[in-house]
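Reviewing the structure listed below.
We did not get these values from a lab; they are worked out from the coordinates using the rules stated. Note that the structure is predicted; figures quoted are calculated from it, not measured. FYI the Cβ positions are ideal-geometry reconstructions off the backbone, even for glycines, and counts take in every protein chain you see.
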Amino acid sequence: MNRCGYSIKGLRKRGNVYRHVRVYEWDLYTLNAMFVINSHDELKDLIADTKKRIVNIRKNNTQMISAFDTAVTEGRVYGEVCDDGLLVYVSQNTFTDVYYYWKRDALLPIITGIVKPVISCTVRAGSADDEEKFLLSSGFELYRTNVQVKAEIKSKYTDNIYSSDYAVITKDTKEYYDQAAALWEEYLDQFDVPFEHLHPNDNHHLICAVNQNNKVIGVHWWQNHGRTSEGRHTAVSADCRKKGIASSLIKQWLCDAGSAGALNAETWICTENCNSLHVYSRAGFTMNQRIAKQYTPSNY
């Protein structure tokens, strides 16, 4: 890619003339200018081109490209082609996930013009963490560390849980999502809940603890990926804690996920969240050596 931001990919040289062979849509993007990524194939081509022009590359994305499809369809994925690599931004409304495909011996640029940028990196416990050195040198700082915990799903039944103070029910309607979003905004970290988890979806499920007035006082989100169930965003209203609500939500999740075919369950917990670590430990979850670290710009 030349300094003007145009690629000669798709051009074949004959004598002193470049003959047009094929020009991709992204060949006309201006260098260091953010643009909307409009399709799965466009993102795939951008990543492939970056890997071709920069041989020794580093990246923080471990997902398949299809994981971006929903956000791409909703117009929430942006790209920025730079001399030293590619930056991909996924807007989560209140924050922005940043993914890099970057030249190994170059530092990231200062990221501006987006809402609350956050970079996530996953490592194995005890392994070398080259990305942390790279990000710290690039002007980022560690925001928090999360550990993944897993459990085997043994029970497979769907009876709802009741107590004298609340009922635990599965409710995936907009009304309950709106109440869940309010709990998450009040009690969870600012980078916890992606945009697509805030709205009803055929593959996403809410388990809610409701009081006698049918008000949501606790919530847990989950979805199955084949034989593994991913649980997220357990939250309980402050005035309703120490009543076993979080444990009931987790138990119901394991029941529902197991009935839907999952054999194992997993979630992420901040290392500083001792209460959640304790609740999940009592529910049979153990750490599996995967660690996810989140970084924000030092000037954030």
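Tell me which lysines have Cα within less than 29 Å of LYS251's Cα, excluding those fewer than 8 residues away on the same chain? By straight Cα distance, LYS251 reaches LYS150, LYS154, LYS156, LYS171, LYS174, LYS215, LYS242, LYS243, LYS293. Counted by Cβ distance under 13 Å from CYS240, the other residues give a net charge of +1, where Lys and Arg count +1 and Asp and Glu count -1.
The modelled label-to-label distance for the pair ASP172/LYS150, using points 7 Å beyond Cα in the direction of Cβ, is 2.5 nm.
Taking the centroid of alpha carbons for each part, the stretch 173-193 and the stretch 79-100 are 25 Å apart. For the listed peptides 64-74, 95-105, a ranking on the average number of other beta carbons within 10 Å per residue, highest first, reads 95-105, 64-74.
Cα centroid separation, the stretch 112-147 to the stretch 36-61: 20 Å.
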